[in-house]
Each structure stands twice: as C-alpha cells, then as structure tokens.
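Inspection log for the structure reproduced underneath, given as structure tokens.
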Amino acid sequence: MSGDKPDPALHRLLDELADDLMNLSDAELLAELAADGLDVEAEAAAARSAIAGGVARVGQARLAAARRAVSRDRKARVVRPPLRADRREAVLTRFANDDPKLKGRLTMAARKGEGVSEKEIDAILDDLRELGAIDDEGNPI
C-alpha cells in the first residue's frame with residue numbers, strides 16, 4: 001500500500017486468503033503447518049500467551065481508569081460540617097413524620113432502648129443533603 005489510500009487488489013487478496021484459511025478442515029490446517037515446519041503446540045501456546053497478555057493489559061487499563069475515577073470522586077467530594085445538635089433532632093423528626101420507613105427505623109431503635117447511633121444520624125443527614133432535601137444547616141430546600 002502507498003500513502004493513505006487502501007489498495008483494493010491487496011484487500012481482495014487478503015480476503016481470499018482468509019476465506020481459504022477458514023475453509024480448511026482442522027486436519028488440513030495441521031498438515032499445512034507441519035509441512036511448513038511449524039510446531040503446532042508452540043504456536044498455540046504463543047497465541048494463547050498473546051491473547052492472555054492483551055486481556056491483562058486491557059484489565060490493567062480498566063483498573064487504572066477506575067482508580068483515577070475513584071480518586072477524582074474523592075477529591076470532588078464536598079466535606080460538610082455536621083449539623084448542630086439541636087438542629088439534628090428537629091430535622092430527623094420533621095423527615096420522620098413525612099417518611100414512614102424512616103419513622104419506623106427510628107421507632108424500632110427507640111423500642112430496643114438503643115436509640116440511633118451518631119453514625120446513623122450522620123448518614124441519614126448526609127443522604128438528605130445529597131438528595132437536595134436539606135441544605136448544610138438542615139433547612140428544607
């Protein structure tokens with residue numbers, strides 16, 4: 001081929017060679033390889049190795065891209081100050097009255113005498129912030 005233009009004659013030849021190769025039986029293909037003095041097992045091992053290497057490189061590239069995305073997300077995460085203690089209870093109560101699932105969760109914790117942990121409260125409030133239900137001070141949006 002010369003320059004950027006594909007050579008139609010070369011493409012036809014390659015297509016015909018590929019068709020011929022695909023039409024060979026396994027026995028015919030093995031006989032041709034043996035006639036050319038190639039070690040079939042060594043060639044198969046080299047092909048498997050090349051494929052495995054390509055798969056590994058793609059996997060490593062995908063893993064690196066995922067790590068970059070996680071790192072980017074961590075850097076972009078907004079660190080919000082916790083709500084004041086007096087606001088936390090008011091916000092939870094207001095949303096618990098509107099959300100039966102949250103109310104049930106808070107009621108169950110109270111029945112067991114455990115209450116809701118600080119971590120759970122922070123997680124609920126963070127969820128409400130991320131959903132855009134409250135601002136950083138706990139005011140409804």
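The values are calculated or read from the model by the stated rules, or taken from the named source; none is laboratory data. Keep in mind that what you see is a predicted model, and the values were worked out from it rather than measured. Counting neighbours? That spans all protein chains shown, and the Cβs are built from the backbone with ideal geometry, glycine included. Keep in mind that these areas ignore ligands, DNA and RNA; they rest on the heavy atoms of the full protein, side chains included. Shrake-Rupley method; radii C 1.70, N 1.55, O 1.52, S 1.80 Å.
Rounded if a/c is under 1.5, else prolate if a/b is larger than b/c, else oblate: which is segment 1-73, with a ≥ b ≥ c the root eigenvalues of its Cα gyration tensor? Since a/c reaches 1.5 but b/c is at least a/b, the shape of segment 1-73 is classed as oblate. Dividing the convex hull volume of the alpha carbon atoms of the chain by its residue count gives 324 Å³ per residue.
Of Leu33, Ala45, Ala64, whose Cα points farthest to the positive end of the dipole of segment 16-92 (charges on the beta-carbon: +1 Lys, Arg; -1 Asp, Glu; origin at the Cα centre)? Final value for the positive-end residue is Ala64. Once backbone amide H atoms are built at 1.01 Å from N, Ile134 has Arg129, Ile141 as its partners under 5 Å, excluding neighbours fewer than 5 places away on the same chain. Put simply, segment 39-90 fits an ellipsoid with semi-axes of 53, 10, 4 Å; these come from the alpha carbon gyration tensor as the roots of five times its eigenvalues, largest first. Between Glu130 and Arg62, residue separation times 0.36 nm minus the direct Cα-Cα distance comes to 21.7 nm. Here the chain is assigned +1 on the Cβ of each Lys and Arg and -1 on the Cβ of each Asp and Glu. Its dipole about the Cα centre then comes out at about 1800 debye.
Think of a 1.4 Å ball rolled over the protein heavy atoms: segment 22-81 then has 86 Å² of accessible area per residue. When only Cα pairs below 8 angstrom with a gap of at least 6 residues are kept, the chain shows a relative contact order of 15 percent.
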